[in-house]
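Read through the structure below, which is laid out as structure tokens, and then see the notes.
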Amino acid sequence: MALLKRKSKVSDEIPTASMADIAFLLLIFFLTTTVFEEEKGLPIVLPEASAMEQAVSQSNIIHFLVQVDGAVVIRRGESQAEQVVSYSEIEGIMRQEIANNPRIIAAVKTDPNSPYRHMINVLDELQKANAERVSLQLWER
Amino acid sequence: MAKKGGGFERKSKAASEIPTASMADIAFLLLIFFMVSTTFRREQPRHLAFPTAEKTQKMDEKRKNILHLWIEPNGDVYINDARVPMEQVGEVVLPLYRASERALLVSIRGDRDVPYRFVNSVTEELRSANAVRVFFHTDLESRLTRARR
């Protein structure tokens, strides 16, 4: 009988000393691998559907015509004179226009087949110039 | 003969070790808390390349008020992971706009190469649903990459 009572020498406890390390490692792993999706972009408020079409004096409008290849042409007011500009010039031109006439409206007319990124480039430049009155249109010819 | 140290050698009886027995519990609790409180938005991955802009800004709006609208390069429109024909975009957005108490902010996520006529149709549809607060999703552009353009 006495023989059967022999006790095992092996410890019957789970080692918990490193458990904290394991848990914190897991925690830190998930913390560092998580990427949050940011909501970012260029905000703009569209005109409401119920808004009446307002007659705007041509002298208050500056047209930015975006062509299929991304080239930008500026047409001011009534004059049919066209001026080809590069993207980097738009900000300066728009600042000038706003300084001359704070009520100026920037009408961005984009060719129906022009890639969307060209319109974004122009809109980006206009927002850099703090233009608040921006209208996005399709350029129908 | 004076004692070494003038008798100031009395040892503190308080344990000098930080109790670490419950550290594992604390860590696992934190882990479980973050796992439970994380909500995933299920969306199919769309491999679109967004346009870039220097004036890209973070939008401060509650997540539930933001509606994602995707435009694929071929003109397909997806809202909440469901394909929506172009002429029905307004009808789909209108109930969502009402449900959000007019606070809806639409994130237009168009591929950089979408022909502009599709973007224009989408904005016209959104106007018909009165969802006029929109933003064009863009990636931040640094001045360095700008110079190459």
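A few notes on this one:
- Residue match in the range B:114-122 (condition: part of a strand (DSSP E or B) and farther than 18 Å from residue A:46 by Cα): yes
- Checklist (1) more than 8 Å from chain A (Cβ to nearest Cβ); (2) surrounded by 18 or more Cβ atoms within 10 Å (Cβ to Cβ); (3) at positive phi applied to residue B:81, failing item: (2)
- Boolean, residue A:78 is within 11 Å of chain B (Cβ to nearest Cβ) and acidic (Asp, Glu): no
- Counting the residues of the range A:83-141 that are not in a helix (DSSP H, G or I) and not basic (Lys, Arg) gives 28.
- Qualifying residue in the range A:67-77 (condition: surrounded by fewer than 12 Cβ atoms within 10 Å (Cβ to Cβ), of a type in the set (Gly, Ala, Ser) and more than 30 Å from residue B:60 (Cβ to Cβ)): no
- Residue match in the range B:23-30 (condition: within 8 Å of chain A (Cβ to nearest Cβ), closer than 26 Å to residue B:117 by Cβ and at pLDDT 85 or above): no
- Filter pass, residue B:129 being at pLDDT below 90, surrounded by fewer than 16 Cβ atoms within 10 Å (Cβ to Cβ) and small (Gly, Ala, Ser): no
- Scanning the range B:17-46 for residues that are charged (D, E, K, R) and in contact (Cβ under 8 Å) with a residue 24 or more places away in the chain gives B:42, B:43, B:46.
- Taken across the range A:58-77, residues that are of a type in the set (Asp, Glu), outside any strand (DSSP E or B) and within 21 Å of the chain's Cα centre (by Cα) do not occur at all.
- Of the candidates A:55, A:49, the single residue that is within 27 Å of the chain's Cα centre (by Cα) and at pLDDT below 90 is A:49.
- For the range A:44-66, the set of residues classified as in contact with an Asp or Glu (Cβ under 7 Å, 6 or more places away or on another chain) and loosely packed, with under 13 Cβ neighbours inside 10 Å consists of A:58 only.
- Count of the range B:31-78 residues which are more than 8 Å from every other protein chain (Cβ to nearest Cβ), among the aliphatic types (A, V, I, L, M), assigned to a loop (DSSP other than H, G, I, E, B) and surrounded by 15 or more Cβ atoms within 10 Å (Cβ to Cβ): 1
- Some residue of the range A:33-43 being part of a helix (DSSP H, G or I), over 23 Å from the mean Cα position of the chain (by Cα) and either more than 8 Å from every other protein chain (Cβ to nearest Cβ) or surrounded by fewer than 17 Cβ atoms within 10 Å (Cβ to Cβ) (or both): yes
The values are calculated or read from the model by the stated rules, or taken from the named source; none is laboratory data. Since we're looking at a predicted model, the values are computed, not measured. Note that each Cβ is placed from the backbone with ideal geometry, even for glycine, and that neighbours are counted across all protein chains shown.
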